[in-house]
Amino acid sequence: VRFPEDLEDENTTFNPEYSHQVFGDDEVAFGYKGLKILLYYIAGNLSTLFRIEYTSKVNEKFDCVEADDVESKIREIIPPGFCTNTDDFVSLLEKEVNFKPFGMLLHTYSVHNEEAGEDITYQIYKADMTCPGFREYHERLQTFLMWFIETASFIDVDDERWNYFLVFEKYNKDGATLFATVGYMTVYNYYVYPDKTRPRVSQMLILPPFQGEGHGAQLLETVHRYYMSSPTVLDITAEDPSENYVKLRDFVLVKLCQDLLCFSPGKLMQGFSQEMVTEAQQKLKINKQHTRRVYEILRLRATDMGDAEQSRSYRLDVKRRLIGPYKKKQRELAKMRRCLRPEELTNQLNQIDINMQHEQLEESFQQLVSDYRRVLERLAQA
C-alpha cells in the first residue's frame, strides 16, 4: 500500500504460494463460509493491517463443532503492534514519508517500466541489527517467507554472523521521494579454519509484484560483488537452493565469469581446468562445483552443436561428470557381490538396471542443455 486508494485496488493484491506452514498440509481453514484473510502492508516500513472477513461461521452451540481459530494462527507469524482498523493504518501511511532504507547503500540501478513509460530507480542496501528500527522492520519483512518459501523458518537475529541485503524502489508521492520494499536476502557467514569465512545464502525473496523484472539477478550479483572485495572470504554458497535459485545463480555467475581469460573459447574447448577453478575462486569467490557449471554453459556457447565432432566431444565431457553417481553405485555393487547372499544381490541388481542408467543419463544431459540454453538466451539479452 502506497496510497489510501490502494486498499481497495485489486491490482495491488497478491496471494500466497504456500499456506501449509500455517494451515497444515491440506491448506484448509475449517468452519467458515466466504472466508477472507486480509493482510495489508505499507510499502516501505511494512506496518501491517490484519482483518478477517466471512459470511458465516459454524457455531459450537448449534453445530457441535468448533471453527478453526484462524486469527491466532496468523498472530503466530505476524509481530504484535499491527493495526486492526483502516483509520489507524491510513494515519500510519501518512508518516511513510519519514521512512528511509536501513544500512549502507551498495548499488543503484534502473528498470524501464512499460506501463509507466519511464525508468524506475532501485537501490540495494546492506543492513544489520545495529541499524535503529531494523529489528522491528525485519520481523515484519520475514512474515512473507511463510507464504512464498516452501520450507521457510525464522532465523536467530541475535547471531551477529547474519548479513541482510535489501532491495528498495524509489518513488515519488506529492513531490517527496519515498521507498518501497522489493525483496531481500539473508546470508550467514560460516567460519572456515584458520582465518576465512564462507558466506552462505539462506533466504532470498523478491515480492510477487516485482518478480520477473530482474531484481533477483541484481541482488545476487551485488551480494557477490560485496563479498568479492573481501580477502577473508573463501567462496559463496547457498543453503538448500531451489530450482529457480540455481537458474538465477547460473545466469549471474556466467555473467561474472565470461570475461575471465581462463574462459576464453580456445581454453573452453580444451576442457575443464584447475586454472578455471583457481581464477574463479580467487577473483569471484566461486567454488569448484559452481565453476564447473559455468564452464559447461560457456563451452556450450562456444560449441557448434551442428558439428558432429564438436557436439560429441561436448556431450561426452558433460556426461563424464553426470555419470559420477552411477559409478558410485557400481562401486557399491562390487562391495555387495562380496558381502551379500545371492538372493539379496539379485534384489539389489534389479534396482541398478544398466539400460535404465543410460536412459536417465541421456535425459539428464538433455535437460541440462535445455537449462543452459535458457541461461545463454538471457545472457544475450542482458
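Just a few scattered comments:
- Once you divide the Cα radius of gyration of segment 99-300 by 2.2 N^0.38 Å, the number left is 1.09.
- Listed values for segment 261-278 are Karplus-derived 3J(HN,Hα) couplings in whole Hz (6.51 cos²θ - 1.76 cosθ + 1.60, θ = phi - 60°), namely 4, 5, 9, 5, x, x, 6, 4, 6, 8, x, 5, 10, 5, 4, 5, 4, 5, and x replaces Gly and Pro.
- Just checking the listed ones, P101, P194, P16: in the Gaussian network model of the chain with Cα springs under 10 Å, the one fluctuating most is P194.
- The chain: relative contact order in percent, alpha carbon pairs under 8 Å with at least 6 residues between: 10
- Derived scalar couplings between HN and Hα for segment 176-182 equal 9, 8, 10, 10, 10, 6, 9 Hz in order, rounded to whole Hz, by the Karplus curve 6.51 cos²θ - 1.76 cosθ + 1.60 (θ = phi - 60°), x for Gly and Pro.
- Ranking of D88, D250 by solvent-accessible surface, largest first: D88, D250 (1.4 Å probe, protein heavy atoms only, all chains present).
- Pairs from the table (K126/K247; K247/K267; K33/K247) lying more than 31 angstrom apart at Cα are K33/K247.
- Distance distribution note for segment 4-96: the fraction of Cα pairs above 21 angstrom is 41%.
- Put simply, the amide H of L178, placed in the peptide plane, has neighbours under 5 Å in Y171, N172, K173, leaving out anything fewer than 5 places away on its chain.
- The computed mean projected area of the Cα convex hull in nm² for the structure shown corresponds, within (i) 28.0; (ii) 21.0; (iii) 26.5, to (i).
- Whole-percent carbon and sulfur share, accessible surface of segment 99-300, 1.4 Å: 47
- Accessible surface for the chain, divided over its residues, is 56 Å² per residue with a 1.4 Å probe.
- Under the Karplus curve 6.51 cos²θ - 1.76 cosθ + 1.60, θ = phi - 60°, whole-Hz ³J(HN,Hα) for segment 308-318, x wherever Gly or Pro sits: 4, 5, 5, 4, 5, 4, 5, 4, 5, 4, 5
- For Q203, residues with placed amide H under 5 Å, excluding near neighbours: T186
- Computed [θ] at 222 nm, deg cm²/dmol, the chain (DSSP H ≥ 4; -39,500 (n - 2.57); rounded to nearest 500): -13000 deg cm²/dmol
The values are calculated or read from the model by the stated rules, or taken from the named source; none is laboratory data. Predicted, not measured: the structure shown is a model, and the values here were computed from it. Side chains included, ligands, DNA and RNA excluded: accessible areas come from the protein's heavy atoms. Shrake-Rupley method; radii C 1.70, N 1.55, O 1.52, S 1.80 Å.
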